[in-house]
Amino acid sequence: MIKIDGKNLSLDDVYRVSINKEAVIADTESILFVKKTRRIVEEKASGEVPIYGINTGVGKLSEIKIPKEKVEELQVNILRSHAVGVGNPLPPEFVRAAMLLRANTLIKGYSGVRPEVVEKIIEFLNKDIIPYVPEKGSVGASGDLAPLAHIALSLIGEGWCLEDGKKVLCKDVLDKKGVLPLRLKAKEGLALINGTQASSAIISLLLKKSFNLLYASNFIASVVFIAQHGVLEEFDERISDIRPHEGQRKVADYIRKLVDGSPVFKNRRKVQDAYSIRCIPQVHGAALDLLEFSRKIMETEINSTTDNPVVFENGDIISNGNFHGQYPAYAGDIIAIALTTLSSISDRRSFRLLTPELSSGLPAFLIKNPGLNSGFMMLQVTQASLVAQNRILASPASIHSIPTSGDQEDSVSQSMNSALKLREVYENTLNTLAIELLIAISAIRLRGIETLSSKLKHIFESKLSRDYIPEFENDRIYQEDIAKTRKFIENTDFFNI
């Protein structure tokens, strides 16, 4: 069970709630602070002083005063008018993550909502009610307005939900699950949509998965290193001591431990390896450090108040720009660049294994009867396609501001576009690595399983050979083999392998 208090949510917690569907509870002490700041909002809402989003319009319309009797109607209208997303629905895990993050920021208390709002989001999570959220339409500036508005509409019983992959009326889902819709009070509609939680949800989940993907690339590279009869001295720990980047050291240590004991290193056959082999610690290590940097950004972001205006316990209500998504936008772009580099160097290692002039004597395309059989020729072509697309997608989204809302919102982050293209980069990199693993294991079979270290040999015999990668004698349809290898990567904890 995950307890949220607005301060201590981790990437692991986000994964456990969104993927594993662990239950969520609210921290009791935090709820007391939520009640305290809510009383301030109620006092201000009954007064005559204009306060943004409480008794005024929003965005360019913020100068228009709203009558007291229309304050609650305003909050519903904000949701309806802002739920303008288009495109395919976000997968349930991203929607669950977004709801968790929004509940976590609201429970900090500075948004001025009632505890009932936090509790309703938690109820949706625990009963696995998934709002239908179109993926496109946010520029990540006044928060992820469109996607969060679609989520908020579901909380009040309007709009649609996803059930068994189908779009259904949210009211019907709530009736079936015995859930009462939320009735909004002053400020609460705005508070539900003013934040970075949709883009941050996607980026946080993909970042968590990217750490495992990076260690998967380390694991695969160790197999390639043996298959290529690599020069072990290139991973000597003293090399990292004199260039002490943490990521480089961790990658070199990881691979050195995996390949230790392989008999191929007893007789050194060459002076040095090509960069895609020799520079694995430097390239993978730099990517790891970028992921760690992004973790710091995202774990700060998901435990922040990203609302406007914010309510302080002394009674101050301050308009601000904490909803701006530049931090997650940068993080999404950084992660995409790191993964693109991993996919690119993966393709280069695969290419070397398939090319006799570069593979230290392996047959062309790793097939015993070339000509009649094409072997893995086309698998590397698929890699080339995926890597090319990654290079296009790695162009930063965070630099492409387009003014909105009558130029009131004249500098926007594009954090949602950063998140959406990161999702594609992640998928492309996962598939690229799955193909490299398929090729690497096939190369090892041709070299002889006895060339592996004892640790890698155990993994090969207990998992890979039995469940995922058969021996190839002739051409076959490789599509299912790639899918199985991908599944192995997704289901294996490579950090603790």
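Things to note:
- Of all residues in the stretch 244-284 being assigned to a helix (DSSP H, G or I) and of a type in the set (Ser, Thr, Tyr), the one that is farthest from GLN228 (Cα to Cα): TYR254
- So TYR215, is it under 17 Å from the mean Cα position of the chain (by Cα), more than 30 Å from HIS324 (Cα to Cα) and aromatic (Phe, Trp, Tyr): yes
- The one condition in (1) among the β-branched types (Val, Ile, Thr); (2) under 18 Å from the mean Cα position of the chain (by Cα); (3) surrounded by fewer than 21 Cβ atoms within 10 Å (Cβ to Cβ) that THR432 fails to fulfil: (3)
- A single entry from LEU437, LEU456, LEU422 fulfils the requirement of being within 21 Å of ILE335 (Cβ to Cβ) and either β-branched (Val, Ile, Thr) or buried (at least 22 other Cβ atoms within 10 Å of the Cβ) (or both): LEU422.
- Looking only at the stretch 6-50, and only at residues there that are in a loop (DSSP other than H, G, I, E, B), within 27 Å of GLU72 (Cα to Cα) and in contact with a Lys or Arg (Cβ under 8 Å, 6 or more places away or on another chain), the one that is modelled with the highest pLDDT: GLY6
- Residues within the stretch 306-341 that are among the charged types (D, E, K, R) and surrounded by 23 or more Cβ atoms within 10 Å (Cβ to Cβ), tallied: 2
- Qualifying residue in the stretch 112-130 (condition: farther than 23 Å from SER81 by Cα and not in a helix (DSSP H, G or I)): yes
- For ILE220: the one exception among (1) farther than 24 Å from ALA419 by Cα; (2) touching a Pro at 6+ places or on another chain (Cβ under 7 Å); (3) of a type in the set (A, V, I, L, M): (2)
- Test for SER199: is it over 22 Å from LEU145 (Cβ atoms), touching a Ser or Thr at 6+ places or on another chain (Cβ under 9 Å) and either outside any helix (DSSP H, G or I) or not basic (Lys, Arg) (or both): no
- Residue count for the stretch 216-243 satisfying the condition of being in a helix (DSSP H, G or I) and either among the charged types (D, E, K, R) or farther than 17 Å from SER453 by Cβ (or both): 9.
The values are calculated or read from the model by the stated rules, or taken from the named source; none is laboratory data. In this text, all values refer to a predicted model and were calculated from it rather than measured experimentally. Note: ideal-geometry Cβ built from the backbone for every residue, glycine included; neighbour counts use all protein chains shown.
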